[in-house]
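Undergrad: One structure, pasted below without further comment.
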Amino acid sequence: MSDSELERQVIDRISFRNFLGFPDDIPDRCTVWTFRERIAETGKDREIWDELQRQIESKGLEVKKGVMQDASFITSDPGHKKANEPRGPEAKTRRDKEGTWAKKGNKSSFGYKLHTKMDIKYQLIRNYETTTASVHDSQIDLTKKGEINYQDKGYFGAECAGFDAGMKRAVRGHPLTIHDKRRNKRISRKRSPGERPYAVLKTVFKVKYTLLTMIKHVNVKNMYSCFNFDLFQLRTLKKQGRIA
C-alpha cells in the first residue's frame with residue numbers, strides 16, 4: 001500500500017496499532033517515507049538481510065542441495081512517456097522516475113525487476129537484487145563459489161560464480177542433443193518449486209506493482225518482502241516438522 005494509505009490504516013485499524021505497540025504518536029506518511037529513505041541511504045537494508053540469513057544458518061538451515069536463480073518484473077506507472085523517453089531522476093513528477101521498459105515475448109513491461117536466489121532443499125530466499133526492467137536476467141549473478149546453480153535457458157552462456165548447472169539452449173548450428181534435452185528436463189523438475197516464491201510475493205506481499213518511483217526505495221521494499229517470505233516459509237517448514 002502507499003504511504004498515505006498506510007497512515008490511514010494505522011489511524012483507522014486497531015490491528016495496525018497493535019502491531020506498532022499502540023504508540024502515543026501515530027506515524028504519518030512523511031515518517032514512513034523518511035524511515036525508508038534513511039534505510040536506503042545508510043545501507044541498513046543489506047545489514048538487516050544479512051542478519052536474517054545469519055540466524056537462518058545458525059539453525060542448521062545451510063544451503064545443501066544447490067540453489068536456483070530467477071527474476072520477475074515489478075511494474076510501475078510510466079506516465080505518458082514513450083518507451084524511448086525515460087523520465088530520469090530529475091523528473092518533477094509523481095510518476096516513476098527510474099523505471100525502464102523491457103519486452104518479453106509480445107508483452108512490454110515498465111518498471112523494475114526483482115532477482116532472487118532460492119535454495120532447493122528449504123525453498124528459502126538466500127539473496128536478492130533489484131534492477132530496472134531492462135536489465136537482462138543473465139547479467140545478475142547471486143551465487144557464491146561452490147554453490148550448484150540450477151538455471152533456466154535465460155541464463156545460458158552467462159558467467160556464474162558457483163557451479164553452472166543451467167539448462168542448455170539451442171543456438172545456430174548447434175541444435176540440442178538427446179542428452180541435452182534429457183538434462184534440461186531433469187533441471188526443469190528441480191526448478192519447479194522456484195515458481196512458488198514469486199507466486200507468494202505477488203499475491204500475499206503485493207510486489208507485482210509498486211507506487212515507489214526510485215530504485216533504492218523499491219529495493220528496500222523488496223528486501224522486506226523477501227524477508228517476510230522467508231518468515232512465511234520458516235513457519236511452513238515448522239508445520240511440516242522439517243525444523244524445530
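Coordinate-derived values only; no laboratory data. No experiment lies behind these values; they were computed from the predicted model shown. All Cβ positions, even for glycine, are placed from backbone atoms using ideal geometry, and neighbour counts span all protein chains on display.
Undergrad: What's the center-to-center distance, using Cα atoms, between region 10-26 and region 230-244 in Å?
TA: 28
Undergrad: Let me ask something else about it. Given the C-alpha centroids of region 97-114 and region 117-195, what is the distance between them in whole angstrom?
TA: 21
Undergrad: Ok, one more. When every alpha-carbon pair in the chain is counted, what percent end up more than 33 Å apart? Show your work: numbers first, answer last.
TA: Numbers: 7782 of 29646 pairs.
Roughly 26 percent, rounded to a whole number.
Undergrad: Arrange Glu41, Glu98 by Cβ neighbour counts within 10 Å, fewest through most, would you?
TA: Ranked by crowding around the Cβ, least crowded first: Glu41, Glu98.
Undergrad: Please enumerate, by chain and number, the lysines with C-alpha under 20 Å from the C-alpha of Lys168, excluding those fewer than 8 residues away in the same chain.
TA: The reachable lysines, counting only those whose Cα sits under 20 Å from Lys168, are Lys104, Lys117, Lys153, Lys181, Lys185, Lys190.
Undergrad: In addition: Just in region 157-188: which trypsin sites (Lys or Arg not before Pro) are loop by DSSP and have at most 12 other Cβ atoms within 10 Å?
TA: In loop regions of region 157-188 (DSSP not H, G, I, E or B), the sparsely surrounded trypsin sites (Lys or Arg not before Pro) are Arg172.
Undergrad: While we're on this one: Given the pairs Lys103/Lys145; Lys65/Lys145; Lys107/Lys216; Lys44/Lys216, which are separated by over 23 angstrom at their Cα positions?
TA: Flagged as over cut-off: Lys103/Lys145; Lys107/Lys216.
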